[in-house]
1. Taking Asn406 as the residue in question, decide whether it is surrounded by 21 or more Cβ atoms within 10 Å (Cβ to Cβ) and in contact with a Ser or Thr (Cβ under 9 Å, 6 or more places away or on another chain).
2. Any residue at all in the range 296-319 that is small (Gly, Ala, Ser), under 24 Å from Lys138 (Cβ atoms) and either at pLDDT 95 or above or not in a helix (DSSP H, G or I) (or both)?
3. Do the conditions hold for Ile609, that is, is it touching a Pro at 6+ places or on another chain (Cβ under 7 Å), in a helix (DSSP H, G or I) and touching a residue at least 60 places away in the same chain (Cβ under 8 Å)?
4. Which residues, taken from the range 75-85, are farther than 19 Å from Asp28 by Cβ and either of a type outside the set (S, T, N, Q) or buried (at least 19 other Cβ atoms within 10 Å of the Cβ) (or both)?
5. Could you grab me the full set of residues in the range 437-459 that are more than 18 Å from Asp402 (Cβ to Cβ) and among the aliphatic types (A, V, I, L, M)?
6. Of (1) in contact with a helix residue (DSSP H, G or I) (Cβ under 8 Å, 6 or more places away or on another chain); (2) in contact (Cβ under 8 Å) with a residue 12 or more places away in the chain, Glu64 satisfies all except one. Which?
Amino acid sequence: MAKFSEKELAEYKAVFQSFDKDGSGQIDVKELNGCLKELKMYKSDAETLKLIAEVDKNSNSAIEFNEFLDVVLAMKQGKGGKYEFAKVYSKQKELIQVQGHSGVHSFSEEEMAAFAEHLNQCLKDDADLKHLLPIETKGTDLCKKVYDGLLLSKFINIAIPGTIDERALNKVKGSGKLSLFQVNENQNLCIEAAKSIGVITTNIGAAEMTHGEKHPHLVLGMVWQLVKIQLLNSISLKSHPELIRLLEEGETLEDLMKLTPEQLLLRWFNYHLKKAGHPKRVKNFGPDVKDSEAYTILLNQIAPGVCDKSALGLSDPEARGQKVLNNAAKLEVKAFLKAKDIASGNPRLNLAFTAAIFNKCPGLDPLSQEELEKAGLLEDDFGDSREERAFRMWINSLGIKDLYINSLYEDVKDGLALLKVIDKIHPGLVEWKKVEMNPNHRLKKVGNNNYAVELGKGKELKLSLVGIGGSDIADGNKKLILAVVWQLMRAHTLKFLAEVQAKKFGGKPVTDQMILDWANEQVKSTGSARKIGSFKDPSLSDGLYFLDLLRAVEERVVDPAYVYDPPTDEQKIENARYAISIARKLGATIFLLPEDITEVKPKMILTFIASIMSISK
């Protein structure tokens, strides 16, 4: 192992684990046979045994990682020809190779095990998942269990309740199986729903998730994002106004609102360390917590009568970690990491553990009514508006490198985010030499935003930005920021629509009226008498027009048994929720919420219909 770098070892480990399906640390005859069959290289069991024998130095009829590395080293030195197994290695590496410059992606066995355990805990009582649970915590069983889309769809609804309307899911009945068509629909719904709550799904499609065992790093990446959303979703001032107690001297509420959930969690951790009179401060969820000292002080501070500090008397890091887990269990914190994960400083698992502690016992005094009013936390527009959320999720779904929007109003102030979005919509339009890449004061931020507005008004994008200047965006004017981002979203939607439906439009720019006319024609083709005059037509509020439209796109996809016609006011939201999930099931990328339909929000309805149009045949 000393002959390889850490990066090389991680890559070779990823290839080894793609053979070692059960995570035992050995590649046995059965596992190698399976891989050979998949690679179309299988001849006979006897030939497989020969392959193992040429590598197997300790004669235990299996290939261990150090023996596997002997082959890799020989190949690296140009001597791989003496091993027949080298050919198998090369083909297997190609199979799990991700296109691009980054080579084979490794994944963490500890994280795979931890997230499998977490999903088992969260979903154990779900009757629809009996064929999938429990997930084995050794090996890559999790990657296999995501194959029909049900497991992660259900977990998405744990992370953000109500995201997926389960009526739209294809479920396994009795001992039956889903068809490949039904599996693809579930995967489409799962992936599009994940996008809508902020998961970045670059390089992830239905095929990758259906064959997750071939793409363990993609499965793990998606699961981690969902776990993170679930555990960090409530770490906000909106859910916990008492987080205002974390304000430091000279800071305003706006400063606190700029922090990501991870940053808030670190701030919270250090608040309790300081309150306990302890000198230590944590700057990360890796090296700074691996000795368990900070955890021990934190738990004792928030629950002094329950959690002791006896861990500090131990020298072994794992023994200390186990004491921390025992203390957390007393607070009914559902931890899914092991003591060794704390001791190794795994940043993802320690972040998740810290979030679980916060969610169970934040240890912050609640605010009085007077404090709430003084801080302005009772204002109706506090926190996310639905438009802000939709536009934020849309930007994040674009997969722009080094750009993730946590708070739309704050994160666009420097102009860089808007310019990156413009460059994504219209590649090459932004002349980056004109951009201030380190806008560290207001004048530079205004300059960047002026350039963004100038490009928006130009002949390529043709946005209507009358009365909007760079200073408005730099100053965080919410109304005008929403206006700018909405027009960018609309321009992107129409451009994408024109590209995927090129034959339909003959190269012409797509207009709102063209989308409206198309939708009415489609609904009419189903025999429905419903028709709308605009995207703000009040009749849209019951959701039935959209269900007719989806029926026109794919007749069998809407189950009449789940449609309320005519609906009560309460049932309108159910129709809207069903329509959104059906659209995602067909592969539409959408960011509106059911309330946007029932309240007839024309901007969001335009993008919804355009997205349905983009997937129509």
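1. no
2. The answer is yes; a qualifying residue exists.
3. Considered against the rule, which asks whether it is touching a Pro at 6+ places or on another chain (Cβ under 7 Å), in a helix (DSSP H, G or I) and touching a residue at least 60 places away in the same chain (Cβ under 8 Å), Ile609 comes out as no.
4. Of the residues in the range 75-85, the ones farther than 19 Å from Asp28 by Cβ are 75-82.
Of everything in the range 75-85, those that are farther than 19 Å from Asp28 by Cβ and either of a type outside the set (S, T, N, Q) or buried (at least 19 other Cβ atoms within 10 Å of the Cβ) (or both) turn out to be Met75, Lys76, Gly78, Lys79, Gly80, Gly81, Lys82.
5. The answer is Leu443, Val446, Val453, Leu455.
6. The failed condition is (1).
Residues are listed down the side, and each one gets a yes or a no for (1) buried (at least 18 other Cβ atoms within 10 Å of the Cβ); (2) in a helix (DSSP H, G or I); (3) in the same structural domain as Ala194 (by TED's automatic domain parsing); (4) without any contact (Cβ under 8 Å) to a residue 12 or more places away in the chain:
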position	(1), (2), (3), (4)
Glu213	yes, yes, yes, no
Val227	yes, yes, yes, no
Leu237	yes, no, no, no
Leu243	yes, yes, no, no
Leu256	yes, yes, no, no
Leu264	yes, yes, no, no
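Listed here are the residues, each with its yes/no results for (1) under 30 Å from Gly139 (Cα atoms); (2) in a loop (DSSP other than H, G, I, E, B).
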position: Ala207; (1), (2): yes, no
position: Glu248; (1), (2): no, yes
position: Arg267; (1), (2): no, no
position: His272; (1), (2): no, no
position: Phe285; (1), (2): yes, yes
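The values are calculated or read from the model by the stated rules, or taken from the named source; none is laboratory data. Values in this document were obtained by computation on a predicted structure and should not be read as measured data. So basically every Cβ, Gly included, is an ideal-geometry build from the backbone, and we count neighbours across all protein chains shown.
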